[in-house]
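Trainee: Sending over a structure as structure tokens; questions will come in a sec.
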Amino acid sequence: MPTEELDINAPDERSWEFIRTHEIMEGDLSKPQVMLTYDDFPWSYEQLQELLLNLKSEGGKATFFFLGKQLSQLEMYGWNIEDTKRTFDQMLLEGHELACHGWQHDDPMTSLTDQNLSLQLEQFLSAMYALAPSAEIKFFRAPYGARNSLVLDVAARYGLQHVMWTTGSNGTDPDTLRITMENVAKVGGNGAIVLSHMHRPYDVKYAGEIVRNLREELGLSTSTVSNGIKLSDRREYSTLPYSDPLGLS
Ligand SMILES: [Zn+2]
């Protein structure tokens, strides 16, 4: 019984509880839209530009789950810091969303201790906010989707809500466009979460065509995670006790 009771005077506690228990497994099934998600890191700054341009050409919206280690070592990869900051600003302006894919892909998060997980998420947020101070990082996706209750608990402490995916785009097969359409149709279209990768050549090359085909063939628009999730997964409707933001009650 006590576990059901939440202290309404402790909104932070309630928020943490909400975030760790509301992993996002699918989007809002009542809306004809899918969430595009791009994981990891691009091979180059130019590849990111190409992906963004392709999305923009068709008005596509997406959430980008970046790895923190690469964000912290941009200069080593030949990226200009100021250009990257401008690009991230531009991404936010264009309606995309920045999110967390942890620090690195090496060890699954499930192999880490509470302390290591905390350190990695702190390092991620520090690297990300240095490049995109106006971003609001609300979502994370563990590498390989490998998470357990400790991972979800620790991430929730940083306000990070875990996001799985319902289907994928492939991205390494030249037939990625057709594969993506079939995969999205197979999971019913509405509320699909499409896993793609910033570094996979056909995810980048066909990003615009995918957005257009989703719209023209399946009647689906694209959205960020923030805009595509179910009302019941939206923390803003839960963290404020007794509020009724949509006047539904
Ligand atoms: Zn990944």
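Trainee: On the given criteria, is His105 under 26 Å from Ser223 (Cα atoms), within 16 Å of the ligand (Cβ to nearest atom) and surrounded by fewer than 20 Cβ atoms within 10 Å (Cβ to Cβ)?
Mentor: Values: under 26 Å from Ser223 (Cα atoms): yes; within 16 Å of the ligand (Cβ to nearest atom): yes; surrounded by fewer than 20 Cβ atoms within 10 Å (Cβ to Cβ): yes.
Considered against the rule, which asks whether it is under 26 Å from Ser223 (Cα atoms), within 16 Å of the ligand (Cβ to nearest atom) and surrounded by fewer than 20 Cβ atoms within 10 Å (Cβ to Cβ), His105 comes out as yes.
Trainee: Report whether or not Asp173 is among the acidic types (Asp, Glu) and surrounded by 22 or more Cβ atoms within 10 Å (Cβ to Cβ).
Mentor: Numbers: among the acidic types (Asp, Glu): yes; surrounded by 22 or more Cβ atoms within 10 Å (Cβ to Cβ): no.
Criteria not met by Asp173.
Trainee: What about Gln90, is it among the polar types (S, T, N, Q) and crowded, with 20+ Cβ neighbours inside 10 Å? First the steps, then the outcome.
Mentor: Numbers: among the polar types (S, T, N, Q): yes; crowded, with 20+ Cβ neighbours inside 10 Å: no.
For Gln90, the condition - among the polar types (S, T, N, Q) and crowded, with 20+ Cβ neighbours inside 10 Å - is not met.
Trainee: Give the number of residues within the stretch 189-221 that are more than 16 Å from the chain's Cα centre (by Cα) and not in a helix (DSSP H, G or I).
Mentor: Qualifying residue count for the region: 7.
Trainee: Right, something else. List pairs: first in the stretch 87-100 and assigned to a loop (DSSP other than H, G, I, E, B), second polar (S, T, N, Q), Cβ under 8 Å, 6+ apart or cross-chain?
Mentor: Correct list of pairs: Gly95/Thr224; His96/Thr63; His96/Thr224.
Trainee: If you don't mind, another one. Suppose we keep only residues that are more than 18 Å from Leu71 (Cα to Cα) and touching a strand residue (DSSP E or B) at 6+ places or on another chain (Cβ under 8 Å) within the stretch 118-157. Which one would you say is farthest from the ligand (Cβ to nearest atom)? Working first, answer last.
Mentor: Going residue by residue through the stretch 118-157, those that are more than 18 Å from Leu71 (Cα to Cα) are 144-157.
With touching a strand residue (DSSP E or B) at 6+ places or on another chain (Cβ under 8 Å) added as a condition, the list becomes 147, 151-152, 155.
Numbers: Arg147: 13, Val151: 14, Leu152: 17, Ala155: 15 Å.
Per the criteria, the residue is Leu152.
Trainee: May I pose another question? Between a first residue in the stretch 123-146 that is without any contact (Cβ under 8 Å) to a residue 12 or more places away in the chain and over 22 Å from Thr110 (Cβ atoms) and a second residue that is aliphatic (A, V, I, L, M) and part of a loop (DSSP other than H, G, I, E, B), which pairs have beta carbons less than 9 Å apart while being 6 or more apart in sequence or on different chains?
Mentor: Tyr129/Ala135; Tyr129/Ile137
Trainee: Considering the stretch 58-77 alone, what residues qualify as being among the charged types (D, E, K, R) and either under 25 Å from Leu117 (Cβ atoms) or within 16 Å of the ligand (Cβ to nearest atom) (or both)? Don't jump to the end; show me each part of the working.
Mentor: Step one: filter the stretch 58-77 for residues among the charged types (D, E, K, R), giving 58, 61, 69, 75.
Matches in the stretch 58-77: Lys69 only.
Each row is one residue, and each column tells you yes or no for (1) under 19 Å from Met91 (Cα atoms); (2) crowded, with 22+ Cβ neighbours inside 10 Å; (3) modelled with pLDDT of 95 or more; (4) touching a Ser or Thr at 6+ places or on another chain (Cβ under 6 Å).
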site	(1), (2), (3), (4)
Gly188	no, no, yes, no
His199	yes, no, yes, no
Asp203	yes, yes, yes, yes
Gly219	no, no, yes, no
Asn227	yes, no, yes, no
Arg234	no, no, no, no
Tyr242	no, no, no, no
Pro245	no, no, no, no
Leu248	no, no, no, no
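Listed here are the residues, each with its yes/no results for (1) closer than 15 Å to Lys205 by Cα; (2) away from the ligand (no atom under 16 Å from the Cβ); (3) at pLDDT below 95.
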residue: Ser30; (1), (2), (3): no, yes, no
residue: Val34; (1), (2), (3): no, yes, no
residue: Pro42; (1), (2), (3): yes, no, no
residue: Glu50; (1), (2), (3): yes, yes, no
residue: Lys56; (1), (2), (3): yes, yes, no
residue: Trp79; (1), (2), (3): no, yes, no
residue: Thr84; (1), (2), (3): no, yes, no
residue: Thr87; (1), (2), (3): no, yes, no
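Trainee: Right, another one. Please work out if Asp89 is charged (D, E, K, R) and under 17 Å from the mean Cα position of the chain (by Cα).
Mentor: Values: charged (D, E, K, R): yes; under 17 Å from the mean Cα position of the chain (by Cα): yes.
Here the answer is yes, as Asp89 does meet what is asked.
The values are calculated or read from the model by the stated rules, or taken from the named source; none is laboratory data. What you see is a predicted model, and the numbers here were worked out from it, not measured in a lab. Methodologically, a virtual Cβ is constructed for each residue, glycine included, from the backbone with ideal geometry; neighbour enumeration extends over all protein chains shown.
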